[in-house]
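**Student:** Structure incoming, see below.
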Amino acid sequence: MMNDWSEAESFVERAHELYEAGRWAEAEAALRRALALNPYRAEWHFNLGLTLEAAGRWDEAERALKQAHELDGNDDQIMLMLGMTCLRAGRANDALSWLERAARMNPDRIDAYVHQIEAFAALKRWDEAEQAFYMAMQLDGGHAGAFANMGEAQLLRGDTRRAIACLREAAQREPTLPRVHARLASAYADAGRPARALELYVRQLREDPGDVDTLLDLACLLIDMNRLGEAHERLRRVLELDPNESDAHFYMGEIAMRCGRIAEAEGAYRVARKLDPEHPDVCRRLARVALQRGEVGEARRLLRREAKRAADNDLPPEEYAALVSMMVEARLAKDAVHVASDFVKGNETDAGAWQLFSMALLNTGDVRQGVIAAREVIRLNPGHTGALHNLALASIRTQHFARAGVFIARLAKANSDDPALRRLRWMRFIGRARRLMGRRLKG
């Protein structure tokens, strides 16, 4: 038995060396051999969890860490790591449970509060994210990680001003914090300052030229800036580093689409889909390719598949908007109504959700319900130009020309440069003229 335990110790020492060298599979094998000889060492299960986490195998890492916790239920470090692993796996509620237990076990463990910020933000529990931030500040008023995670939370919330302030503070306090300049660049990009974002992405890549995430973010920014050649170079570099990076293939497809190279775009999208069948945008892009080729049946098949995914998952608002718009374009208006209706059910106070629902209803010819939905948009956002446009158009089609004039006037006040104004005014004028002509002929 003593020889077995001594041999197990040697496997663990070897695993440490392999872990430090980034040789995860070999480190895992060594740790499993050690645990086969002595399965009662909590720290070895913990090390196995760390190794699996480093390899991105979140579920297996969680199982190993739970075994460590069963052997040592008072180790707050194990609880913290369980929380972080659940976060990486996208299970924010489970993460919070472990992080809160770690904080109760050791109230001075600042990392527990720092990661709680991230978990609360993932759940859109903004007030509690701020509370976790202030708890971290009480322990260390200059903790760069707390500022960085609070900045990320503000980005998710849409408050770019506060996001920039927090991320700048994090970068000043700890310039070597992982990807801090890239995260700040993302905030500047969201704030409409692409030049500053570009500077920061380049700075991040000077520090870590092989940072795939930053290369991808920079490529996206360059695409938005219509600097397609430079974006292509960054994506080519990503694929040199990782040929199986699905997002790189997807954005190669985006560049090809912008350049009118439809066949090349389709090929890139299909590779992205093969590498990541759940990629959030690739089905819609393939549907777009099918529509451009006149293959309406194929586009409808892809969009119905995407609608099923939307029913099974809580998609981000921009994905719902893109899906509904494309379904309308593919003459799947009734399917679009079902998708938009599901979106409204979970977002009753979101004017954008009601606008999608209104647009889908009006495209089925259900003017009455479409107008009701559009009025809900106006109740939530009185200056919503899309809803005002829909209400003006519906009023013209139902020959309520005076009411249409009111909505057109409100649309002009909200956005006097709206290109739809001239068309709506002309349609109202023609409609009134035809009705007047009809009355004269009857008279």
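**Student:** Using the alpha-carbon atoms, what tilt in degrees (0 to 90, nearest 10) does helix 126-139 show relative to the longest principal axis of the chain?
**Tutor:** Roughly 30 degrees between the two axes.
**Student:** Please list 404-412, 87-95 highest first by mean number of surrounding beta-carbon atoms within 10 Å per residue.
**Tutor:** Listed from highest to lowest mean packing, they are 404-412, 87-95.
**Student:** For segment 181-259, what is one quarter of the convex hull surface built on the Cα atoms, given in nm²?
**Tutor:** Its Cα hull, projected and averaged over all orientations, spans 4.6 nm².
**Student:** In whole Å, largest first, what are the principal axis extents of the Cα atoms in segment 61-109?
**Tutor:** Result, largest extent first: 25, 21, 12 Å.
**Student:** Right, next: Rounded to the nearest 500, what is the 222 nm mean residue ellipticity of the chain from helices alone, with -39500 (n - 2.57) per DSSP H run of 4+ residues and division by all residues?
**Tutor:** It comes out at -25500 deg cm²/dmol, rounded to the nearest 500.
**Student:** Shifting gears a bit: Quick check for me: using +1 on Lys/Arg Cβ and -1 on Asp/Glu Cβ, what's the dipole size of the chain about its Cα centre, in debye to the nearest 20?
**Tutor:** So the dipole magnitude of the chain works out to roughly 4740 debye.
**Student:** Which value results for Rg/Rh of segment 382-443 when Rg is the Cα radius of gyration and Rh the Kirkwood radius based on the inverse mean 1/r?
**Tutor:** 1.05
**Student:** Still on this model: Between Glu13 and Arg423, 0.36 nm times their residue separation minus their Cα-Cα distance comes to what?
**Tutor:** Extra length available between Glu13 and Arg423 comes to 140.0 nm.
**Student:** Would you order Thr349, Thr51, Thr385 from fewest to most other beta-carbon atoms within 10 Å of each residue's own beta-carbon?
**Tutor:** Starting with the residue having the fewest Cβ neighbours, the order is Thr349, Thr385, Thr51.
**Student:** For segment 1-157, what is Rg from Cα atoms divided by 2.2 N^0.38 Å, rounded to two decimals?
**Tutor:** 1.14
**Student:** Next question. Where a Cα-Cα gap under 27 Å defines reach, which lysines qualify for Lys308, not counting those fewer than 8 residues away within the same chain?
**Tutor:** Lys124, Lys274, Lys334, Lys345
**Student:** Please pull out the direction-averaged projected area of segment 75-199, using the convex hull of its alpha-carbon atoms, in nm² to one decimal place.
**Tutor:** Computed as one quarter of the Cα hull surface, the answer is 7.1 nm².
**Student:** Also: If you take the C-alpha gyration tensor of segment 280-366, multiply each eigenvalue by 5 and take the square root, what semi-axes do you get, largest first, in whole Å?
**Tutor:** 21, 14, 10
**Student:** Before anything else, pin down the relative contact order of the chain: Cα pairs under 8 Å, at least 6 apart, normalised by residue count, whole percent.
**Tutor:** Rounded, it is 4 percent for the chain.
**Student:** Let me ask another. Between segment 186-202 and segment 90-110, how many Å separate their Cα centres?
**Tutor:** 33 Å
**Student:** Return the inverse of the average 1/r over all pairs of distinct C-alpha atoms in the chain, which is the Kirkwood hydrodynamic radius, in Å to one decimal.
**Tutor:** Across the chain, the inverse of the average 1/r is 25.8 Å.
**Student:** Sort Ser358, Ser325, Ser6, Ser395 so that the residue with the fewest other Cβ atoms within 10 Å of its own Cβ comes first and the one with the most comes last.
**Tutor:** Ser6, Ser325, Ser395, Ser358
**Student:** Roughly how many whole Å is it from the C-alpha centroid of segment 221-264 to that of segment 381-428?
**Tutor:** The distance from the Cα centre of segment 221-264 to that of segment 381-428 comes to 40 Å.
Computed from the coordinates by the stated procedures, all read-outs in this text should not be read as laboratory data. The structure presented is a predicted model; accordingly, all values stated were derived computationally and were not measured. Note that each Cβ is placed from the backbone with ideal geometry, even for glycine, and that neighbours are counted across all protein chains shown.
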